[in-house]
1. If only Cα atoms are counted, what is the Rg of segment 217-270, and what is its Dmax, in Å?
2. Among residues other than E78 whose Cβ falls under 12 Å from its Cβ, what is the net charge (Lys/Arg +1, Asp/Glu -1)?
3. Place a point 7 Å from Cα of V293 in the direction of its Cβ. Which residues in segment 214-255 have their backbone N less than 12 Å from it?
4. Could you grab the relative contact order for segment 204-325? Cα pairs under 8 Å, six or more apart, rounded to a whole percent.
5. How much FRET efficiency would the formula 1/(1 + (r/R0)^6) give for R491 and Y512, where r is the Cβ-Cβ distance and R0 is 30 Å, rounded to 0.05?
6. Order the peptides 151-162, 68-79 from the highest to the lowest mean number of other Cβ atoms within 10 Å of their residues.
7. Can you compute the FRET efficiency between R480 and R369 using 1/(1 + (r/R0)^6), with r the Cβ-Cβ distance and R0 = 51 Å? Round to the nearest 0.05.
8. Set the Förster distance to 56 Å, then compute FRET efficiency between R386 and M349 from the Cβ-Cβ distance, nearest 0.05.
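Bear in mind that the values in this text are calculations on the coordinates, not laboratory data. A quick note: this is a predicted structure, and the numbers were derived from the prediction, not measured. Positions of Cβ are backbone-derived with ideal geometry, glycine not excepted, and every protein chain shown enters the neighbour counts.
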Amino acid sequence: MNAGPMGAGGSTSLPRGRSASGVTGAPTPLRIMPLAVAAALSGDNTLSRAVADVVTSIGQELACAQTELWLVDATDEEIASAASWTAPPANPVTTLAPVGRLPRGQSLPGRIWSTARPVWATDITHPSITELAPGAARLGARAAWGLPIISGDQVLGALILFARRIDPLDEAVTVAIDSVLAQLGQRLERHRAENLTAELQSAHQNLARVVKLVQDNIWSVEILADGTSVSVFASPDGAGVFGGLLPRDGDMATMMIQRTHHDDQPLFMAFHQTLAAGQPAEIENRIIGLDGVTRWVWTRAVPRRENARLFVDGISTNVTDRHRLAEEREQVLADQRQQVDKLRELDRMKDDLVALVSHELRTPIATIRGCVELLRDAADLNDQTRSLATVIDRQSAQLQVLVDDLLALAEIEAGAGAAARPCSVTDILNETVADHRWAADRAGMSLVARIDEGLRARVDRRRVRQALDNLLSNAVKYNRENGTVEVTAARQDGQIVIQIADTGIGVDPQDYPRLFARFFRARTALERNIKGTGLGLAIVRAIVEAHNGSIRARPRAGGGTCMELRIPVEGPPPP
């Protein structure tokens with residue numbers, strides 16, 4: 001096949017698998033060049049050394065000014081210079097690796113990679129040529145010849161020859177070069193395959209090492225057209241999940257269904273059908289292992305298609321301990337609920353007993369106090385007997401207060417709020433303050449009230465008044481001489497906030513958490529021998545909570561105690 005040379009700056013693409021002459025004749029017959037190349041490629045040299053020898057052989061045999069070999073990198077994103085040779089005396093040795101990288105379609109190597117066709121350029125001063133061999137022109141080169149290195153349908157690289165003459169096509173050169181390019185393509189393809197095999201082996205070894213370290217069972221199966229599953233990969237040790245290594249022959253789906261707990265088999269079949277439809281799925285079911293032990297196994301699987309084949313990759317985890325802990329937790333919760341029910345029943349029985357005893361004590365206490373009153377009124381009573389009667393009356397009065405408080409507490413907890421109705425909280429507060437002012441005045445204390453007008457809420461008037469009476473009487477009883485009691489009330493965020501503060505003896509910080517417990521008395525009160533039943537604040541809390549409100553105690557700035565009540569305007573729910 002012959003063709004005339006192109007003009008200056010011109011280039012032409014030659015048919016794939018053919019070459020153009022333009023290279024001077026060599027003193028060694030062209031038939032020797034393929035043999036030299038074959039020897040270089042078949043030796044034990046590394047690829048870089050082999051391609052360098054090939055480039056040198058071609059350049060010398062064809063008497064080129066310069067020869068370059070470009071190879072497509074492993075990422076298929078760039079073509080890079082792998083070796084070059086320059087005719088003496090400029091550079092008598094092969095230059096390895098070296099000059100640059102190009103994207104697809106750029107310059108002569110990129111163009112050959114993109115088109116997969118040879119190129120014969122008759123002007124090396126063209127910008128797309130000179131950037132490859134800046135010294136080629138100084139060596140007398142006049143043309144560049146670019147040839148693709150092809151294996152199958154893939155371009156592996158490009159061979160660039162810089163020639164000193166522009167000659168017609170030469171069939172002998174074409175045949176020799178075609179033979180060389182075929183050998184080079186086979187060697188490069190084999191090198192790529194070897195690298196890929198090594199990478200796959202390394203990846204497989206790394207995967208096996210990772211799989212061996214984890215406790216989970218990692219597996220892959222192929223789902224065939226008839227619905228059966230064939231094992232492709234499985235962890236080398238499945239004892240932690242399946243009690244041993246599962247057999248890899250036969251239908252894996254059928255084997256797993258047979259080892260699935262009877263109650264979970266429908267669930268597993270639905271799981272398998274979802275995967276067979278190409279959808280990811282997961283399942284948590286009981287598996288009877290090879291060792292006969294039943295385990296809970298959590299399996300997650302994702303299908304993938306390769307051409308017309310369906311594969312499923314999955315991981316199975318032994319979650320038996322989690323299920324055992326969950327069952328134990330449920331049992332503990334059930335036991336706790338049972339204990340709570342028993343405690344509630346005991347608490348109810350205790351309240352019933354206290355209420356019953358308190359109610360039964362009222363009559364004898366009233367009888368004792370009545371009889372003592374008659375004794376004290378007797379004219380013939382001596383002083384000693386009268387003194388004893390006074391002690392009996394005082395102690396029975398204290399016992400009467402205790403019984404009344406117990407009955408009040410039991411009544412509140414049994415159904416406080418039953419009598420709730422819209423009331424003026426402002427009026428209740430003003431009445432309470434007025435009733436306790438005389439006690440404050442008698443003790444030399446100042447009682448200050450700042451109560452907003454128009455405060456209304458749905459409350460049990462009698463019980464709220466009882467709570468306020470307890471708090472105000474405590475503020476006076478535990479106050480200091482010439483002290484102050486402040487009562488404030490205002491509406492805030494749908495609640496009525498009431499504060500009762502005193503300048504009294506205060507509360508030990510350790511006592512605040514227990515201040516509203518039944519029968520608890522603060523240390524400051526015990527140290528001063530102040531009388532009380534320890535039920536007043538418990539009654540207050542029961543009343544406030546029955547109205548869906550809250551109460552808290554805190555130290556007052558400057559000394560004393562501040563009690564804060566919050567009662568919702570809407571009040572308690574209907575009984």
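1. Cα-based Rg and Dmax for segment 217-270 come out at 11.5, 32 Å.
2. On the way: positive: R101, R104; negative: D73, D76, E77.
Surrounding charge for E78 is -1.
3. Once the point is set 7 Å along Cα→Cβ of V293, 239-244 turn out to lie under 12 Å by backbone N, inside segment 214-255.
4. Working: 228 pairs, mean separation 31.2, N = 122.
The value is 26 percent.
5. The computed FRET efficiency comes out at 0.65.
6. Values: 151-162: 20.8, 68-79: 18.2.
For the peptides 151-162, 68-79, the packing ranking is 151-162, 68-79.
7. It comes out at approximately 0.95.
8. 0.85
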